[in-house]
Structure formats: structure tokens, C-alpha cells
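Quick notes on the structure that follows.
Readers should treat all values here as calculations from the given coordinates under stated rules, not as data from a laboratory. The structure displayed is predicted, hence computed values, not measured ones. Backbone-built Cβ (ideal geometry, glycine too); neighbour counts: all protein chains shown.
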Amino acid sequence: MTDAVEGKIATDRAGRRKAEKRERLLAAARKLFILRGYHETRPQDIAREADVAHGTFYSHFHDKREIFMAFASEAQEDLHDFVLGRIPKVNSFEEYIHFALTAIQEFAEQNPGLLRSALVDTKLFDPTDSTAKVVRSRFAAGFIKILMISKDNEELYDDVDPELMGHAMMGLIQSSAPQAYRMGKSREEFVKLLATFLIRAMVKNPKSV
């Protein structure tokens, strides 16, 4: 085996070990941010949970804020993919909101504590962040699109602003879905309560309420 080949193998191994440690740190951060929250989680806690040296944390992330940003962006992608795969093609806001809320609550049930992080606006932690804006805008775009279609079909009140309400729904779901889970509301109860509220607020002649 030549020195060049041996060097490449050693480099590949080092790269794999570094990637593995980063994944362990992210997994540990995910667990601790959900259990303790952002402010009660320290870099040394994450390193300890990941079973790596404290200094290893700083070879992968500049500070706690950076690893939280990575965690939140990953959570947002997970939520987006999960919900998108569970909404069929519909043109009615009433139909869409039931499918969307059911999928979001299913995600919350399967991933306790993760929903709030998935919907958090990470610009609160880093005003320069653009990743979360892209993900959140893409997620809100589903709401905005169906609201626009429904408004064109005269399903909604004339003064409904699809773009504003699409983003407003993000905040409403962010606060109400985790709270419903903590209160012990069933998926069906949560979907019915929130869907009824949104439909009554925006739909002229609702069929399901």
C-alpha cells in the first residue's frame, strides 16, 4: 500500500469520526433542548450527553446558539416533510386545514416537545439567519396557497389576506399544538377545536361547523 493510499484512508477515517461526533452532538442537543429548553442547556451538558470531550463541542460549533440553529432547522425540515406527505390535493380550505392539523398533531405525538422548536423563528437567536426563513416560508406557503385558491373560489370572506393569515396560522399552531398535547387533548379534539376556530374566522359558508 502506498503512502498516498494510506494517507487517503487515514483522512477518510478521520472525516467519518468527525462526522459521527457531530451527529452525536446534534442528537444530544436535540434531547436536551427538548427536555430543558434553550436557556437551561449548556455546551458542556451537550458534550457530556454526547459522550465527547468538552473541547470537541467547539471543534464543531462556535457556541450554543449555532448548535440550536442546526437543531431547529433540522426539526423544521422534519416537520415540513412529514406534513407535506400527508396532505392530498384539495382545493377547499375546510378540507385542507383538517388534513394539515391532523398531520401536525401526529408529528407532535410522535416527536414530543419537537414541534415548538420546529416552528420557532430562529431569527430571535440569530438575526442573520436565512435558513429558517426559507423553511418557515415554505411551510407557510402551503397555507397561503390554499387560502389564495379558496379566496379565488369565493370560499373565504373578502377581507381575508392569504399571506398574512398563512403566517399567522404558523404562530397559532406553534403555541396551541404543544399546549393541546400537554393538556391531554386527543388528536381529534385538537383538530376539531382549531379547525372550527379558523373556519369560522375565514370561511363564508362553512360546511363542517
Quote the relative contact order of the chain in percent (integer), defining contacts as alpha-carbon pairs under 8 Å separated by 6+ residues. 19 percent
Mind checking the angle between helix 93-110 and the chain's longest principal axis? C-alpha axes, 0 to 90 degrees, to the nearest 10. 30 degrees
Can you list residues whose amide H is under 5 Å from LEU156's amide H, if they're 5+ apart or on another chain and H is modeled 1.01 Å from N? LYS151, LYS204
Computed label-point distance, nm, for sites GLU106 and ARG200 using a 7 Å Cα→Cβ extension: 2.7 nm
What pairs from LYS21/LYS89; LYS31/LYS207; LYS89/LYS204 go past 30 Å between their alpha carbons? LYS21/LYS89; LYS31/LYS207
Using only the alpha-carbon atoms of the chain, report the extent along each of the three principal axes, biggest first, to the nearest angstrom. 74, 39, 30
Along Cα→Cβ, 7 Å out, is where each label goes; now give me the distance between the ones at SER186 and GLU154 in nm to one decimal. 3.9 nm
Principal-axis tilt of helix 187-202 within the chain, Cα atoms, nearest 10 degrees: 60 degrees
With angles folded into 0 to 90 degrees, how steeply does helix 3-36 sit against the dominant principal axis of the chain? Use alpha carbons for both and round to 10. 50 degrees
